[in-house]
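One structure below.
The values are calculated or read from the model by the stated rules, or taken from the named source; none is laboratory data. Note that the coordinates shown come from a computational prediction; the quantities given were computed from them, not determined experimentally. FYI the Cβ positions are ideal-geometry reconstructions off the backbone, even for glycines, and counts take in every protein chain you see.
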Amino acid sequence: MIQVAPSLLSANFADLRTDVELLNRSEASMLHLDIMDGVFVPNISFGFPVIKAVRKYSQKPLDAHLMIVNPQNYVGAVRDCGVEMMNVHYEACTHLNRTVQAIKAAGMKAAVTLNPSTPVAMLEDIVADVDMVLLMSVNPGFGGQSFLPVALKKVRQLRDLIARSGSSALIQVDGGVNLETGRQLADAGADILVAGNYVFSAPDPLAAIHDLHVL
């Protein structure tokens, strides 16, 4: 079955506790937190106070996707928020190995994200050291974008790279995920689907998560 990581970027921030408690009752494997700084991506979302508030009520692991410059400067702060998985962009890390090592030394799982135009081959020397790779299937910065089909090719390429390297990294995909694109990604070899609008705009978010989970 496919793991589902609902993105809180699409949740109701006026009543975030209610949405987090709804997800506690769902088949979601983790909560995806999109942290944006308005520099690395052209948007600002939320920061550490919101993460701490979510941690207080969430019974699910937190997957923090840092779409920010210099993410290595915030490893300790992310850990102190109770995050289980810290996810940094390849494009934002000058010394990626050092950042991955720091995340693991802080007691978190380490993940690396690739933008749509960044080749999978760039991960050849790091994929064995990470717990997860996130492939963006939209350009990061905003929710509600259309799925980029190039992601399907990249999932297959990454699945091959993981097999050749002996890595145990999971493949996560974020952007434009719905039942149709989710099925295509699952067939291509994805392990985890991030879904924002598809979940939170659904008449029944629990059913939407279930439908992705059983793909």
(message) Just to be sure before I move on: is Pro140 part of a loop (DSSP other than H, G, I, E, B), touching a strand residue (DSSP E or B) at 6+ places or on another chain (Cβ under 8 Å), free of Cβ contacts under 8 Å to residues at least 60 places away in the same chain and farther than 17 Å from Gly182 by Cβ in the structure I sent?
(response) no
(message) Would you confirm whether or not the range 61-78 contains a residue that is more than 15 Å from Ala105 (Cα to Cα), in contact with a Pro (Cβ under 7 Å, 6 or more places away or on another chain) and in a helix (DSSP H, G or I)?
(response) no
(message) Being in contact with a helix residue (DSSP H, G or I) (Cβ under 6 Å, 6 or more places away or on another chain), assigned to a strand (DSSP E or B) and at pLDDT 95 or above is the requirement here; does Val100 meet it?
(response) no
(request) Kindly check whether there is at least one residue in the range 149-161 that is within 18 Å of Leu62 (Cα to Cα) and either among the acidic types (Asp, Glu) or surrounded by 19 or more Cβ atoms within 10 Å (Cβ to Cβ) (or both). (result) no
(message) Pull out all pairs, ordered by first then second residue, where Cβ-Cβ is under 7 Å, the residues are six or more apart or on different chains, the first lies in the range 193-215 and is of a type in the set (Ser, Thr, Tyr), and the second is part of a loop (DSSP other than H, G, I, E, B).
(response) Tyr198/Val177; Tyr198/Asn178
(message) Let me confirm something: among Ala77, Ala121, Ala105, Ala128, which residue is in contact with a Gly (Cβ under 7 Å, 6 or more places away or on another chain) and either among the charged types (D, E, K, R) or surrounded by fewer than 16 Cβ atoms within 10 Å (Cβ to Cβ) (or both)?
(response) Ala128
